1. Do we have Phe139 as over 20 Å from the mean Cα position of the chain (by Cα) and surrounded by 14 or more Cβ atoms within 10 Å (Cβ to Cβ) here?
2. If the Cβ limit is 7 Å and pairs must be 6+ apart or interchain, which residue in the stretch 95-109 that is free of Cβ contacts under 8 Å to residues at least 60 places away in the same chain pairs with which residue that is buried (at least 22 other Cβ atoms within 10 Å of the Cβ) and in a loop (DSSP other than H, G, I, E, B)?
3. Would you be able to tell me the number of residues in the stretch 32-41 that are of a type in the set (D, E, K, R) and either part of a helix (DSSP H, G or I) or loosely packed, with under 13 Cβ neighbours inside 10 Å (or both)?
4. Please go through the stretch 94-118 and pick out each residue that is farther than 25 Å from Arg11 by Cα and of a type outside the set (Gly, Ala, Ser).
5. Give me a count of the residues in the stretch 78-115 that are buried (at least 18 other Cβ atoms within 10 Å of the Cβ), among the hydrophobic types (A, V, I, L, M, F, W, C) and under 13 Å from the mean Cα position of the chain (by Cα).
6. Would you say Asp74 is of a type in the set (Asp, Glu) and open to solvent by less than 70 Å² (accessible area, probe 1.4 Å)?
7. I'm trying to understand the selection: among the residues of the stretch 116-129, which are surrounded by 19 or more Cβ atoms within 10 Å (Cβ to Cβ) and under 23 Å from His4 (Cα atoms)?
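The values are calculated or read from the model by the stated rules, or taken from the named source; none is laboratory data. In this text the structure is predicted, and so the values were computed from the model without any measurement. Every residue, glycine as well, gets a Cβ built from its backbone with ideal geometry; the counts of neighbours run over all protein chains shown. Note: areas computed on protein heavy atoms with side chains; ligands, DNA, RNA excluded. Shrake-Rupley method; radii C 1.70, N 1.55, O 1.52, S 1.80 Å.
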Amino acid sequence: TWEHMALTRARVISSSPDFRREIERIIAEVLTRPRDAASVATDVADMRRAVAQEKGEDDVWDMKYVAGGLVYIDFIAQYLQLVHAAEQPDILDVSTLQVLDNAARLGVLPAASAEILRAAARLYHDLTQILRLCVTGKFKPEAAGEDLQRVMARAGDAPDFSSLEARIKEMQAEVRRVFTEVVG
């Protein structure tokens, strides 16, 4: 399952047209195989737990690994592709946001859940970019200057930094809820 989840992100970067078609055919063939949804769900949930044990999941500002962070969103998109692509190959895409759109359009993910995940992913990406540019190492709000906090709050469309932090925590809880509803 882990390798097939990774394969959902695979794309040919450079090749001859014939070789590209062959690789894309093989990828599609693997991803559109029928799968047992319960088995895939168990594997995905187990992998999420393993990632949490390895990387931790308690740092609200680690947008990738925090419980309810980007990995949760990616795993939901990958799960949806693996369990639905056999009957609905149009769900497939290498972009997580596009997969969420496809899943909602195809009726395999409630529109409200897709919107929660899209909004969270956009916010997490925006804040991650700011943190990558402005901070070396882990982000520590208590050590951040007011200017950085103000820029982050503006990027998160929040009136101030404490409101941004509260919004992020709410989003993380909502993403965890959607993960539980979709994957288990």
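1. yes
2. Note: pairs meeting the criteria are Leu100/Leu109; Ala103/Leu109.
3. Of all residues in the stretch 32-41, those of a type in the set (D, E, K, R) come to 33, 35-36.
Right, trim to either part of a helix (DSSP H, G or I) or loosely packed, with under 13 Cβ neighbours inside 10 Å (or both) and you get 33, 36.
The number of residues fulfilling the criteria is 2.
4. Residues of the stretch 94-118 farther than 25 Å from Arg11 by Cα: 107, 110-113, 115-116.
Hits for the stretch 94-118 are Pro110, Glu115, Ile116.
5. The number of residues fulfilling the criteria is 4.
6. yes
7. Leu117, Ala121
One line per residue, one yes/no per condition, for (1) more than 21 Å from the chain's Cα centre (by Cα); (2) touching a residue at least 40 places away in the same chain (Cβ under 8 Å); (3) assigned to a loop (DSSP other than H, G, I, E, B):
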position: Ser14; (1), (2), (3): yes, no, yes
position: Arg21; (1), (2), (3): yes, no, no
position: Arg25; (1), (2), (3): yes, no, no
position: Val30; (1), (2), (3): yes, no, no
position: Asp43; (1), (2), (3): no, yes, no
position: Met47; (1), (2), (3): no, yes, no
position: Val51; (1), (2), (3): no, no, no
position: Glu54; (1), (2), (3): no, no, no
position: Val66; (1), (2), (3): no, yes, yes
